[in-house]
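**Student:** Below is one structure. I have some questions about it.
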Amino acid sequence: MSSTLETKRKPRMMSGARTTGHLHIGNYFGAIRNWIKFQDEYECFFGAMDWHGMTTAYKSTEEMQKWNRDIFAEFIAWGLDPQKNVLFIQSQVPEHLELFMIFANLTPMGWLERVPTWKDAEEEAKASDTHNLGRFAYPVLQAADIALYGGMKVPVGQDQVSNIELAREITRRFNHLYKAKLPEPQVILTDSPVVPGLDGRKMSKSYGNTLFMTEEPKVLEKKVKAMPTDPQRARREDAGDPSKCNVFSYHKLFSSTEDLVWVQEGCRSAGIGCGDCKARLLGNINALSEKPREIKKDLLNQPKILDEIIADGNARARKVAQATLLQVRERMKI
Ligand code: TRP
Ligand code: SF4
């Protein structure tokens, strides 16, 4: 292997978004927004992770293709360059499952039982009919995702750190057993603010409180207008407390420092009304999402072009994945 080629290559980065529906603003602030910054510095592999989605959404498989395309369009619309990066759909690169099985054999069940993402979710999993082997093995598949592309850096939020830790352990065990040199992935901890649902509860499809990354202007307006405000501010003349208001939590995500000051002062002195406050928020969300919304719409309206971009990304991902699998099989002598 040529070492000069090795040293010249940009380090590889890998991450993904689970396919479970349309991406919401939590995906934007916690993932996509951060990935965009890395695309020049790293050779990036970003995927729509539909097998991961199906560990919980296995009863909605008929929606998966639509959701994958939507996520892909979203990736591009928000600025991930499909030429610079390798954007792909997990299930279209079968090597993910091959390496998953290899990793599954060398992962003790105890390792998985101890992962917080499983432990914390077990009760909810039972209640939602997703206490299944696939969901239990979720981090093993994630480890395979990363290793397949030689991902050294994995930009994720805090909630994913334990999964990446496990991916390191699994990769290390593989390397030890088969005298291999798969890179051990490292977390790049990205700033991932808590993004509550529109009503202040945890954002969830089942609560109907989601704000998607791109919303039609009319829907966006309706959603913002319906947001609850500080209950102490029943009348326009009543002063309010932004720290008790979810509209302000959203301002903190979307608005400038000047606007934050304007809200703080205006709310506490009853100088502004909640209508004014929401109108400003709406304007700021629009300013951020207007362009991506148009680009996404264009892409979805040209399905042939989008399909070509997706197929190209899948093919480029697959090439790298196949090369890794070849090495893996060689090491294992299978
Ligand atoms: N588990 C990640 C999440 O829920 C998504 C994901 C799947 C991922 N495979 C990955 C992230 C590989 C980083 C690397 O957000
Ligand atoms: Fe909330 Fe803004 Fe109304 Fe204050 S002015 S209560 S921050 S919506």
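**Student:** Which residues among segment 271-288 fall inside the zone where the amide N is under 12 Å from a point 7 Å beyond the Cα of GLU258, along Cα→Cβ?
**Tutor:** none
**Student:** Taking the Cα centre of the chain as origin, sum charge times position over the Cβ atoms of Lys and Arg (+1) and Asp and Glu (-1), and report the length of that vector in debye to the nearest 20.
**Tutor:** 540
**Student:** Taking 0.36 nm per residue of sequence separation and subtracting the Cα-Cα distance, how much length would be gained by fully extending the chain between LEU189 and ILE334, in nm to one decimal? Numbers along the way, then the final one.
**Tutor:** Values: separation 145, 0.36 × 145 = 52.20 nm, distance 3.63 nm.
Length gained between LEU189 and ILE334: 48.6 nm.
**Student:** Could I ask something else about it? If you bin the C-alpha pair distances of segment 214-295 every 5 Å from 0, what whole percents do you get?
**Tutor:** All Cα pairs, binned at 5 Å, distribute as 3, 16, 27, 24, 15, 9, 4, 2, 0 percent.
**Student:** Summing -39500 (n - 2.57) over the DSSP H runs of n ≥ 4 in the chain and dividing by its residue number, what mean residue ellipticity at 222 nm do you reach, to the nearest 500 deg cm²/dmol?
**Tutor:** Numbers: 16 runs with 185 residues, N = 334.
Dividing the helical sum by the residues of the chain leaves -17000 deg cm²/dmol.
**Student:** Something else about it: In straight Cα distance, which lysines are under 19 Å from LYS84, not counting same-chain residues fewer than 8 positions off?
**Tutor:** Qualifying lysines at Cα under 19 Å: LYS8, LYS10, LYS37, LYS153, LYS296, LYS319.
**Student:** Between GLU265 and ALA127, what's the calculated FRET efficiency when r is the beta-carbon distance and R0 is 56 Å? Round to 0.05.
**Tutor:** Numbers: r = 45 Å, r/R0 = 0.80.
So the FRET efficiency works out to roughly 0.80.
**Student:** Using label points projected 7 Å from each Cα along Cα→Cβ, tell me how many nm separate SER204 and GLU294, to one decimal.
**Tutor:** According to this spin-label approximation, the distance is 3.8 nm.
**Student:** If Lys and Arg each add +1 and Asp and Glu each add -1, what is the summed charge of the other residues whose beta carbon sits under 15 Å from the beta carbon of ASP238?
**Tutor:** Around ASP238, the charge tally is +1.
**Student:** I've got another one for you. Which of VAL161, VAL263 comes first, and how do the rest follow, when ranked by fewest Cβ neighbours within 10 Å?
**Tutor:** With the sparsest Cβ surroundings first, the list reads VAL161, VAL263.
**Student:** Sticking with this structure for a sec: Counting Lys +1, Arg +1, Asp -1, Glu -1, what net charge surrounds GLY197 among other residues with beta carbon under 12 Å of its beta carbon?
**Tutor:** The answer is +3.
**Student:** If you don't mind, there's one more thing I want to ask. Measure nothing fancy, just the Cα-based angle from helix 95-105's long axis to the longest principal axis of the chain, in degrees from 0 to 90, nearest 10.
**Tutor:** With rounding to tens, the tilt is 70 degrees.
**Student:** OK, next. Nearest 10 degrees is fine. How inclined is helix 161-178 to the longest principal axis of the chain, computing both from alpha carbons?
**Tutor:** Helix 161-178 sits at roughly 0 degrees to that axis.
**Student:** While we're on this one: By how many nm would the segment from ASN286 to LYS319 lengthen if fully extended, with 0.36 nm per residue of separation less the alpha-carbon distance?
**Tutor:** So the chain would gain 8.0 nm between ASN286 and LYS319.
**Student:** Report, by chain and number, residues whose modeled amide H sits under 5 Å from the one on ILE188, excluding near sequence neighbours (fewer than 5 apart, same chain).
**Tutor:** When sequence neighbours closer than 5 places are left aside, the close amide H contacts are VAL154, VAL156.
**Student:** Please report the net charge: other residues with Cβ closer than 15 Å to the Cβ of LEU299, K and R +1, D and E -1. Mind dumping the intermediate values first?
**Tutor:** Values: positive: LYS66, ARG69, LYS291, ARG293, LYS296, LYS297, LYS304; negative: ASP70, GLU74, ASP81, GLU294, ASP298, ASP307, GLU308, ASP312.
Net charge around LEU299: -1.
**Student:** Between the DSSP loop rule and a limit of at most 14 other Cβ atoms within 10 Å, which trypsin sites (Lys or Arg not before Pro) in segment 38-130 are left?
**Tutor:** Answer in residue order: LYS84.
**Student:** Assigning unit charges at the beta carbon (Lys, Arg +1; Asp, Glu -1) and nothing else, what dipole magnitude in debye, to the nearest 20, does segment 214-295 show about its Cα centre?
**Tutor:** The dipole of segment 214-295 has a size of about 240 debye.
**Student:** Taking 51 Å as R0, compute the FRET efficiency from the Cβ-Cβ separation of GLU62 and SER243 and round it to 0.05.
**Tutor:** Given R0 = 51 Å and the Cβ-Cβ separation, E is 0.70.
**Student:** Obtain the nm distance between the two label points defined at VAL219 and ARG235 by a simple spin-label model: each point lies 7 Å from its Cα along the Cα-to-C-beta direction.
**Tutor:** The modelled label-to-label distance comes out at 3.8 nm.
**Student:** Quick one: if the Förster radius is 41 Å, what FRET efficiency do MET101 and LYS10 give, using the C-beta to C-beta distance and rounding to 0.05?
**Tutor:** The formula returns an efficiency of 0.85 here.
Read-outs throughout are calculated quantities, based only on the coordinates presented, and are distinct from any laboratory measurement. These numbers were taken from a predicted model, which means no experiment stands behind them. Neighbour counts run over all protein chains shown; Cβ positions are idealised from the backbone, glycine included.
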